[in-house]
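The values are calculated or read from the model by the stated rules, or taken from the named source; none is laboratory data. Quick caveat, the model's predicted, so the values are computed rather than measured. Methodologically, a virtual Cβ is constructed for each residue, glycine included, from the backbone with ideal geometry; neighbour enumeration extends over all protein chains shown. The area values use the complete protein model at the heavy-atom level, side chains included, leaving out ligands, DNA and RNA. Shrake-Rupley method; radii C 1.70, N 1.55, O 1.52, S 1.80 Å.
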Amino acid sequence: MSSSEAFTELPSVAPQLRALRRRASLTLEAAAAAAGLSAAHLSRLETGQRQPSLPMLLALARVYGTTVSELLGETVVDRDSVVRAADMEPTAAGGWTYYQAGAPGRGMQALRVRVPHGSQGDIVRVHPGEEWLYVLRGRLRLRLGDTTHGLGPGDSAHFDSLTPHRIAAQDPDGVELLFVHTLLQSPTAALCLGPTPGETP
């Protein structure tokens, strides 16, 4: 699949991001601060001028008390459905390609993710929850706090998302992994992330 084909589903992201922020009754500034973004960057995401990375989508999903699937406008009729490989449609965000591997509306979300070499390598994330990943193909560099781990096919990691973490592909061909994370279903940023900077508790 070419990079241009991978991004064909992205136009639906911008209006959905705006609609979910408004549903959560959050200002642009408050939502951006809670997700670790600048208000200007979130505004560009909501107007389609910038493409969100998967970590950004995960952060915004937690802030809005929803899932990455809903942020992307995806709907699954059967909450307990079996997800067939043939039915998994790729979605691209910030250079990453991922496939929904579980049903929405649960306490955790499962994704099959492809991380290209050189994408998102400098972004360190900290947020509530837990994450588990399993390397399917390629080699992954996982930084947890001050420690860097090299993971190959068959290796896995399970960690607290409050530990600063960074994921990067070591191989030029990228890395493919299974990724499971917990979702905090709070509708407001204050409940799951604490007051935003400059806000009086």
Checklist outcome for this item: Checked the stretch 38-77 for anything over 26 Å from Ala101 (Cβ atoms), of a type outside the set (D, E, K, R) and open to solvent by 20 Å² or more (accessible area, probe 1.4 Å); matches are Ser38, Ala39, Ala40, His41, Ser43, Thr47, Gly48, Gln49
Checklist entry - Within the stretch 21-37, how many residues turn out to be surrounded by fewer than 20 Cβ atoms within 10 Å (Cβ to Cβ), modelled with pLDDT of 85 or more and in a helix (DSSP H, G or I)? => result 3
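How many residues are of a type outside the set (A, V, I, L, M, F, W, C) and modelled with pLDDT of 85 or more when one looks only at the stretch 167-201? Break it down stepwise before answering.
Restricting attention to the stretch 167-201, the residues satisfying the condition of being of a type outside the set (A, V, I, L, M, F, W, C) are 170-174, 176, 181-182, 185-188, 194-201.
Still in the running and modelled with pLDDT of 85 or more: 170-174, 176.
So the count comes out to 6.
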Checklist entry - Pairs under 9 Å by beta carbon, first residue among the polar types (S, T, N, Q) in the stretch 22-43, partner assigned to a helix (DSSP H, G or I), six or more apart or different chains? => result Thr27/Arg21; Thr27/Ala39; Ser38/Ala32; Ser43/Leu28; Ser43/Ala32
Item to check | Thr147 vs. criteria farther than 16 Å from Thr67 by Cβ, modelled with pLDDT of 80 or more and under 17 Å from the mean Cα position of the chain (by Cα) | outcome: no
